Amino acid sequence: MATFQQWRSAARPRTLPAAIAPVLVGTGGAIALHGFSAWRAALALLVSLALQIGVNYANDYSDGIRGTDTQRVGPMRLVGSGAAEPRTVKLAAFACFAVAGLAGLVLAAVTSWWLVPVGAACVAAAWFYTGGPRPYGYAGFGEVFVFVFFGLVAVLGTTYVQAERLSPRVLVAALGIGLLACALLMVNNVRDIPTDAASGKRTLAVLLGGPAARRVYVVMVVGAFVAAAALAFGNPWTLLALLAAPLAVPPIRTVLTGGQGRELIGALGQTGRLEFVFAALLGIGMALSA
């Protein structure tokens, strides 16, 4: 039976900044629109965290039953390592999706019911990333899912459930967060290129090849800072996000100099830290525009 520590490792804490960051920025956008609500922000955070943990467990289950995780460099997987039964991990994923769904229903009830199909799309995208007969994560579309749902939808949704309206500035901020979320996935997939290619998992990193995928990672990181700088034309406070730039140097150096295996695990954690700090500073900058 898997221990608590093993379940925690399988939840992949390094990826959780991708769930927290959009809520920080979306809440900053809501403050800028004079619509901040603490309890709605908390529910938005619960939705985002539950979806992130749920998709991690869903990936653990789906990759495990396909044999993708037989040889693994990164954090342990419950199914691939044999530490937990596949059915148990699948139920854990569905339980997380249920928590996200219930919190989302509350937010939909107090804002707009059109959020229900959006939430359903989020859950479906989370499951079919590696689940189902034709998982799109195995065809190079994982970054599209991350950009849309942990970038655009998460940021804009967080702002909307609080302020009940949006602005072009929030959209630009969402683009930046989406790019960093994609960078987090890209460095993870660069690390797994050898094992993914051998098992038939054709991620974008596998399709591009190592050198090109590493350069795309840098473009994603730099693109996020470009988005923050673009926001400064209407609100110079968003330049606070540029203070996170020094945190981008270590992972970029590791990725561009050909880091492998455990070196890229470190770069993954550094990219997560970068996304969190960037989001916090950008959220504060947007809030100060109020």
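The values are calculated or read from the model by the stated rules, or taken from the named source; none is laboratory data. None of these values were measured; they are calculated from a predicted model. With ideal geometry, Cβ positions are generated from the backbone for all residues, glycine too; neighbour counts draw on all protein chains shown.
Observations on the structure shown:
- Within the set LEU166, LEU171, the sole residue that is crowded, with 18+ Cβ neighbours inside 10 Å, out of contact with any Asp or Glu (no Cβ under 8 Å at 6 or more places or on another chain) and farther than 17 Å from GLY142 by Cα turns out to be LEU166.
- Every condition in (1) touching a Cys at 6+ places or on another chain (Cβ under 6 Å); (2) of a type in the set (D, E, K, R); (3) without any contact (Cβ under 8 Å) to a residue 40 or more places away in the chain holds for ARG134 except the one numbered (1).
- Some residue of the stretch 140-156 being more than 21 Å from ASN59 (Cα to Cα), hydrophobic (A, V, I, L, M, F, W, C), assigned to a helix (DSSP H, G or I) and over 13 Å from the mean Cα position of the chain (by Cα): yes
- Test result for ALA287, in contact with a helix residue (DSSP H, G or I) (Cβ under 8 Å, 6 or more places away or on another chain), in contact (Cβ under 8 Å) with a residue 60 or more places away in the chain and either under 19 Å from ALA19 (Cβ atoms) or not aliphatic (A, V, I, L, M) (or both): no
- Only listed residue being modelled with pLDDT of 90 or more and not polar (S, T, N, Q), chosen from VAL73, VAL99, VAL79: VAL99
Here is a yes/no grid of residues against (1) modelled with pLDDT of 95 or more; (2) of a type outside the set (Val, Ile, Thr); (3) touching a Cys at 6+ places or on another chain (Cβ under 9 Å):
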| position | (1), (2), (3) |
| --- | --- |
| ALA197 | no, yes, no |
| VAL206 | no, no, no |
| VAL218 | yes, no, no |
| ALA244 | yes, yes, no |
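- Filtering GLY101, GLY80, GLY54 for residues that are closer than 20 Å to LEU268 by Cβ, free of Cβ contacts under 8 Å to residues at least 40 places away in the same chain and of a type outside the set (A, V, I, L, M, F, W, C) leaves a single hit, GLY80.
- Any chance THR203 is more than 20 Å from the chain's Cα centre (by Cα), buried (at least 19 other Cβ atoms within 10 Å of the Cβ) and at negative phi: no
- Residue, farthest from PHE128 (Cα to Cα), within the stretch 82-95, restricted to residues that are modelled with pLDDT under 90 and touching a helix residue (DSSP H, G or I) at 6+ places or on another chain (Cβ under 7 Å): ALA83
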